[in-house]
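A.B. asks: Take this structure first; my questions come after.
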Amino acid sequence: MALTDLGDFHYARGDMENALKRYARTRDYCTNSPHIIAMCLNVIRVCIESKKFTTALNYIPKAEQVLKQPADKVIGGKLKAAAGLAALSNKKYYEAAEFLISIPSELSDKFSDIIAAEDIALYGGICSLATFSRQELKKKVIENPTFRSFLELSPRVRELIHSFHESNYASLLNLMKDLETDIKLDIYLSQHLTCLYQQIRDRALIQYVSPYSSVCLKRMSKIFQTDVNSIESELAKLIMGDDYERHKNQSENESNKSNVQVNIQARIDSHNKVLFARHADDDQRQLTYLKALQTGEDFCLEAHASILRINLGRAGITYEGVENPKSQSQSQSQTSINEETAQNVSMDL
């Protein structure tokens, strides 16, 4: 208790280094599960405040091991919130979204010294928009009753998610611009603003062109509030896969965890400012032609083999090869018939 009080004293003074030392020393005197959980939460809180997220990640599993589920959803929510912030700091946006959207509503503002309920909605919503597929967004976010309670506290984030899911891109871009000022002032999310916003915009571009075989770039530039040359450059990067490599480098393993299309299969007519998409139907047609050609080649090989066997039989040439059980039984029966015929001939002689 004395070490905990000393840690609280240093934490109140803003001396995070000494507070962390005092809280960590209490581990030697923890005799039951509540003591261990309290120690871990104190260390995690100080580590997050001092941006030592790697150390915080080491104490989260220790608390989870002794936490009896579902004993206290508030403690579980605190651990998930801490794990989400740590994943966010490491640019693992998909992981961060998974942790944040699974925080129970019972947490509410009981961890407000680290993350407020409105911030849970903001961080979880932005990260999910940047990494989730449209199906995941509907199932895990929009239809999630637990996370919906947090979204109710942040109407702009809720509208942002619905605008993306409903393909209302004008509203999406306006809401993103409206939230940009607040995010720039956020202590956790500000440094990830450019990357996350670019990923959201890229996914909106991919989602816009995916249903069409051709898209007019002039009309598309008006919807996405930019000029024709800029929208052409953005689409060209997505077609060449530059953005895929950038996202892969900036957020590790994101593409492996979420089955989201991160580039566009298309070509651009730069003169007429039209994008022509290569849909799966084109690939399927090509595969059908290749399959038909392969079937024809197989038929020719079988026909030539049959003709060869017939000619060998006519010439009285026999050969030993691998026979199937049916042909092997037929050959055995034919051999027995030939032996009987030979015996009858010898008796007649």
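A.B. asks: Using a 1.4 angstrom probe with every protein chain in place, what is the largest-first accessible-area order of E232, E166? Before the final figure, lay out the partial values.
C.D. replies: Values: E232 30, E166 125 Å².
From most exposed to least exposed: E166, E232.
A.B. asks: Distance in nm between label sites at T226 and E180, each 7 Å beyond Cα in the beta-carbon direction?
C.D. replies: Using points 7 Å along Cα→Cβ, the separation is 1.2 nm.
A.B. asks: Quote to one decimal, in nm, the extra length available between R25 and E297 on full extension: 0.36 nm per residue of separation minus the C-alpha distance between them.
C.D. replies: Additional length available on full extension: 90.3 nm.
A.B. asks: Another question about this same structure. Karplus couplings for segment 104-121 from phi (6.51 cos²θ - 1.76 cosθ + 1.60, θ = phi - 60°), rounded to Hz, Gly and Pro as x?
C.D. replies: So the J values, rounded to whole Hz, are x, 5, 5, 5, 6, 9, 7, 10, 5, 5, 10, 8, 7, 4, 5, 5, 4, 5.
A.B. asks: Multiply the residue gap between S171 and A2 by 0.36 nm, knock off their C-alpha separation, and tell me the result in nm, one decimal place.
C.D. replies: Between S171 and A2, full extension yields an extra 55.4 nm.
A.B. asks: Further question on the same structure: Where does each of 113-120, 214-221 land if you order them by average Cβ count within 10 Å, highest first?
C.D. replies: Final packing ranking: 113-120, 214-221.
A.B. asks: Tell me, what HN-Hα J-couplings in whole Hz come from the Karplus equation 6.51 cos²θ - 1.76 cosθ + 1.60 at θ = phi - 60° for each residue of segment 290-305, using x for Gly and Pro?
C.D. replies: For segment 290-305, the Karplus-derived couplings read 5, 5, 5, 5, 5, 4, x, 5, 5, 5, 4, 4, 5, 5, 5, 5 Hz, x marking Gly and Pro.
A.B. asks: Still on this structure, please answer the following. Between E64 and K218, take the C-beta separation as r, use R0 = 35 Å, and let me know the FRET efficiency to the nearest 0.05.
C.D. replies: The formula returns an efficiency of 0.05 here.
A.B. asks: Under a point spin-label approximation (7 Å from Cα along Cα-to-Cβ), what is the R148-R278 distance to one decimal in nm?
C.D. replies: The two pseudo-label positions are separated by 4.2 nm.
A.B. asks: When ranked by the protection proxy of mean other Cβ atoms within 10 Å per residue, highest first, what sequence do the peptides 82-94, 175-187, 288-300, 152-164 form?
C.D. replies: 82-94, 152-164, 175-187, 288-300
A.B. asks: Going by the alpha-carbon gyration tensor, a ≥ b ≥ c the square roots of its eigenvalues, is segment 28-183 rounded (a/c under 1.5) or, if a/c is not under 1.5, prolate (a/b greater than b/c) versus oblate? Please list the in-between numbers first.
C.D. replies: Working: a/c = 2.40, a/b = 2.01, b/c = 1.20.
Since a/c reaches 1.5 and a/b is larger than b/c, the shape of segment 28-183 is classed as prolate.
A.B. asks: Turning to a different aspect of this structure: Residue by residue through segment 82-98, what is 3J(HN,Hα) from phi via Karplus (6.51 cos²θ - 1.76 cosθ + 1.60, θ = phi - 60°)? Round to whole Hz and write x for glycine and proline.
C.D. replies: Along segment 82-98, the couplings run 5, 5, x, 5, 5, 5, 4, 5, 8, 6, 9, 5, 5, 4, 4, 5, 4 Hz.
A.B. asks: Modelled label-to-label distance, E17 and L287, 7 Å Cα→beta-carbon offset: nm?
C.D. replies: Result: 6.1 nm between the two label points.
The values are calculated or read from the model by the stated rules, or taken from the named source; none is laboratory data. Everything quoted here is computed from the prediction, not taken from an experiment. As a convention, Cβ positions derive from the backbone with ideal geometry for all residues, glycine included, and neighbour counts pool all protein chains shown. Side chains included, ligands, DNA and RNA excluded: accessible areas come from the protein's heavy atoms. Shrake-Rupley method; radii C 1.70, N 1.55, O 1.52, S 1.80 Å.
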